[in-house]
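Asker: Below is one structure. I have some questions about it.
The values are calculated or read from the model by the stated rules, or taken from the named source; none is laboratory data. Just so you know, these numbers come straight off a predicted model, no measurement behind them. Cβ placement follows ideal geometry from the backbone for every residue including glycine, while neighbour counts extend to all protein chains displayed. Ligands, DNA and RNA are stripped out before the accessible areas are found, and what is left, the full protein with its side chains, is counted by its heavy atoms. Shrake-Rupley method; radii C 1.70, N 1.55, O 1.52, S 1.80 Å.
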Amino acid sequence: MTQDIQMKKDTKHTKKKFADEPVFTIKKEYRPKDVRETGLAFVGHEISEDKSVMNQFLHYDQLYTIRHGLNSRFFIGLLDGKIMGTRCPKCGDAWVPVRTHCWNLDCTLSVTEWIEMPLLATVHTWTIAGWSGRSSLKRLPIVLVYAIVKGSKVAIANELHGVKPWDVEFEMPLKIVFKPKEERIGAVTDFHFEPADTWKPSPWNKEKERIKELVDPVYEWVKTLK
Amino acid sequence: MTEKVCIIGGATTPFDYGPTGFESIEGGAAECVKETMQDVPGFSLRDLDLIIYSHFSVHFGHQLAPEWIIHDHLGLVGLPHFRVENGGNTGGSALYAAALAVMSGHHDVVGIAGWETMDSVAQSQGSEFIAMASDIRYELMVGGIYPIYYAAMANKWMKENHVTEEDVARIAVKNKNNAMENPKAQWYRNEHKYITIDDVMNSRLISYPIKKYDCCLMSRGVAFLVVCSEKYAKKVNPDGYVTVDGMGLSSCTIRAGDRLNNPGWTERYGPGYPGMTEFAACRNSAEQAYKMAGITNPLKEIDFGEIHDAFSTSEAQIYKALGLADKQSIAQFLRDERTSMHGDIPMNPGGGLLGYGHPVGATGLMSIIECYYQLAGMIPKKHLNKKTVVPDAACGIVNSHAGTGTSISNFIIRRK
């Protein structure tokens, strides 16, 4: 017994560590009441009239842990109402979404440094979604933009609020707006884009008319969703 | 010295969605093999010395390593097997792997079986499953699904290239109407109607500028084909084999927004390319395939293609990436209907993803098989009539495409 303990101590001594193991002191749970892990469950079946074909209904829910690791400061930043980017100390390229190692092969995967980005951006391209994944249907129509956060070399996707769908345009200046602190969850949905205060929509034109024609039925359809 | 790579035959199940009576993946694979054996009586499963499985998402079947079910069912115990997964380019990547195996001389006869069962969940859930191949931390969370990402890219591309909604609608009309001549095509089997540009323009908004009829179909389907050395091809199908003369595989960023200023592309093609509009991995892999096949003028030297039309807009973007048109000519290229059956380079005579369907792991194989049928003179036998025959087809291109252009392969296939 004593020998076993001694061996474990020695192992601990020589064990190579690559990072300090995190100690989690802040923990929040905001699971909706109807979200629960059920595991595997057959919940029904159907059989064709001639009894040659059968379908079975299988239900499965599972909790996943997304371990953000080296990327964590971006998501923690969201909780604090900040857009954290990264920058290569060698070439100076900066990114949101972040890269923890530089994309330039000449920088040999140099570890990047964290920087707080301004809450300003510009529309690179845009679309107006009239259909989406199951969890987003009730929010349609969604104006989705790929916008370049000031100082970033890349564009990030997020929703544009505070604008009629037909008024969104390329290169329009944006501000980044966060949800109230108590509603944030540390995900990109904690913020959205809004037009910069100085921006004014351009005059009515044929394309706006066409977009309105396509979008109006989406508003009506969403009203019919339970 | 590398071995020449040949294709001697292949088949798909009908592509469909919902109850059909032929849903099981192993049963579907068996039927595809049987059809191949009927077309090529000299081919036997005993001749295979490797089989590669082509399947994208285990989410749909709720079964890890589902290829083991098919492999077992086909009676192939002892035969080496592995699965290739590379998003929408899974089928193309499986051909790439099979071709490498044959070229190396290590394998002689390689089967590829591919499938997807996307009707096992609701359509909107299926869209979300597929979108899990985007970066879930940044894109899926903001309501993003692939039609939305593609729409954002296409919107800017169309403005920059002076291409209109009507221009790309022609592609949707072409492919869905081509599918009406093909009994295995999902559009023929389900919607079953010829459509016009107005029908596309009036279909519901998916994500501007993409409407419902600009989108491919979510499908269930299985496909199988045989890739082999020329020695084997001459033995079992001397008059009906084709050769894979060129191939290329390339990659791009997972998030489309990361293509701005990317040093990897700047090094290859100069600053500003591809932005969020061009498919650089398509251009890059096409260049590799053209070089290998000795093609210097694709528009003149390629007779037709089966390409990855997940959206009518992306087929138009692919034309440009393949070098069939440039910024100055692409709009007119579309308006002149150069890629319709009466054009000089028909694209997707088999219906493509817009018409035949898009069961992801089987899709690229379907494109290869349709290209094979065209080159082997089998279209009148496989389609309902001769309307979708490309006269004197000697050289075809197959394009397989993943993510938002994240992995793309191209193949030049020629009639023997």
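Asker: Working carefully through the options B:HIS55, B:HIS71, find the one that is without any contact (Cβ under 8 Å) to a residue 40 or more places away in the chain and crowded, with 17+ Cβ neighbours inside 10 Å.
Answerer: Criteria check complete, one pass: B:HIS71.
Per-residue answers, yes or no, for (1) part of a helix (DSSP H, G or I); (2) under 30 Å from B:GLY257 (Cα atoms); (3) not basic (Lys, Arg):
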{"residue": "B:MET366", "(1), (2), (3)": "yes, no, yes"}
{"residue": "B:GLU370", "(1), (2), (3)": "yes, no, yes"}
{"residue": "B:TYR373", "(1), (2), (3)": "yes, no, yes"}
{"residue": "B:LYS381", "(1), (2), (3)": "yes, no, no"}
{"residue": "B:LEU384", "(1), (2), (3)": "no, no, yes"}
{"residue": "B:THR388", "(1), (2), (3)": "no, no, yes"}
{"residue": "B:ASP392", "(1), (2), (3)": "no, no, yes"}
{"residue": "B:ASN399", "(1), (2), (3)": "no, yes, yes"}
{"residue": "B:THR404", "(1), (2), (3)": "no, yes, yes"}
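Asker: Also, quick follow-up: For segment B:377-416, name all the residues that are touching a His at 6+ places or on another chain (Cβ under 9 Å) and more than 27 Å from B:ARG189 (Cα to Cα).
Answerer: Within segment B:377-416, B:SER407, B:ILE408, B:SER409 meet the criteria.
Asker: Give the residue that is surrounded by the fewest Cβ atoms within 10 Å (Cβ to Cβ), with candidates limited to residues of segment B:123-155 that are touching a Leu at 6+ places or on another chain (Cβ under 9 Å), in a loop (DSSP other than H, G, I, E, B) and more than 7 Å from every other protein chain (Cβ to nearest Cβ).
Answerer: Among those that are touching a Leu at 6+ places or on another chain (Cβ under 9 Å), in a loop (DSSP other than H, G, I, E, B) and more than 7 Å from every other protein chain (Cβ to nearest Cβ), it is B:MET132.
Asker: Which of the helices (runs of 4 or more DSSP H) found entirely inside segment B:1-82 contain at least 3 residues meeting this: in contact with a strand residue (DSSP E or B) (Cβ under 9 Å, 6 or more places away or on another chain)?
Answerer: Per the criteria, B:25-39, B:67-73.
Asker: Further, regarding this structure: Hey, can you tell me all the residues within segment A:143-156 that are of a type in the set (A, V, I, L, M), within 15 Å of the chain's Cα centre (by Cα) and facing chain B (nearest Cβ under 8 Å)?
Answerer: A:LEU144, A:VAL145, A:ALA155, A:ILE156
Asker: Moving on. Checking the structure you have, find out if any residue of segment B:114-122 is open to solvent by 10 Å² or more (accessible area, probe 1.4 Å), within 16 Å of A:ARG134 (Cα to Cα), touching a residue at least 60 places away in the same chain (Cβ under 8 Å) and at the interface with chain A (Cβ under 8 Å from one of its Cβ atoms).
Answerer: Scanning segment B:114-122 turns up no residue that is open to solvent by 10 Å² or more (accessible area, probe 1.4 Å), within 16 Å of A:ARG134 (Cα to Cα), touching a residue at least 60 places away in the same chain (Cβ under 8 Å) and at the interface with chain A (Cβ under 8 Å from one of its Cβ atoms).
Asker: Within segment B:275-288, is there a residue that is at pLDDT below 95 and crowded, with 23+ Cβ neighbours inside 10 Å?
Answerer: No: segment B:275-288 contains no residue that is at pLDDT below 95 and crowded, with 23+ Cβ neighbours inside 10 Å.
Asker: Something else now. Give the residues of segment A:183-226 that are open to solvent by less than 50 Å² (accessible area, probe 1.4 Å), assigned to a helix (DSSP H, G or I) and more than 19 Å from B:LEU205 (Cβ to Cβ), sorted by residue number.
Answerer: Within segment A:183-226, A:VAL188, A:THR189, A:ASP190 qualify.
Asker: B:MET292 versus (1) in a helix (DSSP H, G or I); (2) open to solvent by less than 10 Å² (accessible area, probe 1.4 Å): which is the lone unmet condition?
Answerer: (2)
Asker: Looking only at segment B:207-218, decide whether some residue is among the acidic types (Asp, Glu), more than 20 Å from B:SER367 (Cα to Cα) and at pLDDT 95 or above.
Answerer: Looking for residues that are among the acidic types (Asp, Glu), more than 20 Å from B:SER367 (Cα to Cα) and at pLDDT 95 or above, one finds none in segment B:207-218, hence no.
Asker: Of the residues A:LEU137, A:LEU160, which is under 30 Å from A:GLY39 (Cα atoms) and hydrophobic (A, V, I, L, M, F, W, C)?
Answerer: Among A:LEU137, A:LEU160, only A:LEU137 is under 30 Å from A:GLY39 (Cα atoms) and hydrophobic (A, V, I, L, M, F, W, C).
Asker: Would you mind listing the strands (runs of 3 or more DSSP E) fully within segment A:111-182 where at least 3 residues are open to solvent by less than 40 Å² (accessible area, probe 1.4 Å) and modelled with pLDDT of 95 or more?
Answerer: A:120-129, A:142-149, A:156-159, A:173-178
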